[in-house]
Amino acid sequence: MTVAIAEHPWDGEDGVRLRRAMQVELAARYNMPDQETEPPTAETVSVFLVARAPGGDAIGCGALRLLDDGTAEVKRMYVAPQARGTGVATRILRALEDHARRHGVSSLVLSTGVKQPDAIRFYEREGYQRTDGYGPYVGEPLARCFTLQLS
């Protein structure tokens, strides 16, 4: 699928809709509302990307939050169910990695969850390595954390 990926305002309508759909899906998988202790905001993300299908529909998103010491965290990666398996997630992830490199980030971290085996397989396939929990995910039994060293 040919998609266009571009920066988008965090509070823009399409981004809000995509993140809400992600939260609904995760709440159903985990049978609980979003438990993130430090959710990203417009002030804490350095970039928010939206992927659009050829007709212009917003079908995926992802963000980066800068941490300290040259590390950034991948946040709010989501692809609408109808667009999964088409390469959209890979395109978003590569765009986030490229943005991170351009801004001097040397490593990326992210957290997904035990009830998201599709996400775990995706990140492993894309070269991310399992790591211990970081920040709010230290000791969190439902979290699966990953890292990627950028070259």
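Here, each number is a calculation from the coordinates, and none is a lab measurement. Bear in mind the structure is a predicted one, so any value in this text is a computation, not a measurement. Note: ideal-geometry Cβ built from the backbone for every residue, glycine included; neighbour counts use all protein chains shown.
Summary table below
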item: Counted charge near PRO136, where neighbours are those whose Cβ lies closer than 11 Å (Asp, Glu -1; Lys, Arg +1); result: -4
item: Derived scalar couplings ³J(HN,Hα) [segment 88-96; Karplus, 6.51 cos²θ - 1.76 cosθ + 1.60; whole Hz; x for Gly, Pro]; result: 4, 4, 5, 5, 5, 4, 4, 5, 5
item: Where labels lie 7 Å past Cα in the beta-carbon direction, separation of VAL138 and ARG121 in nm; result: 3.3
item: Under 14 Å, Cβ to Cβ, from MET1 - net charge with Lys/Arg +1 and Asp/Glu -1; result: +2
item: Neighbour count of at most 16 Cβ within 10 Å plus DSSP loop: longest GluC sites (Glu not before Pro)-free window in the chain; result: 44-125
item: FRET efficiency estimate (nearest 0.05) - Cβ-Cβ, SER151 to ASP11, R0 35 angstrom; result: 0.55
item: Within a Gaussian network of the chain (alpha carbon springs, distance under 10 Å), most fluctuating of THR37, THR131, THR90; result: THR37
item: Stokes-Einstein D in µm²/s, Kirkwood radius over Cα pairs - segment 1-147 at 10 °C with 1.306 mPa s viscosity; result: 102
item: Net charge of Cβ neighbours under 12 Å - reference GLU126; Lys, Arg +1; Asp, Glu -1; result: +2
item: The chain: most fluctuating residue of GLY113, GLY56, GLY133 per GNM, C-alpha cutoff 10 Å; result: GLY56
item: Reference-scaled alpha-carbon Rg (2.2 N^0.38 Å with N residues) for segment 93-151; result: 1.14
item: Gaussian network model of the chain, Cα within-10 Å springs - most flexible of VAL79, VAL50, VAL24; result: VAL24
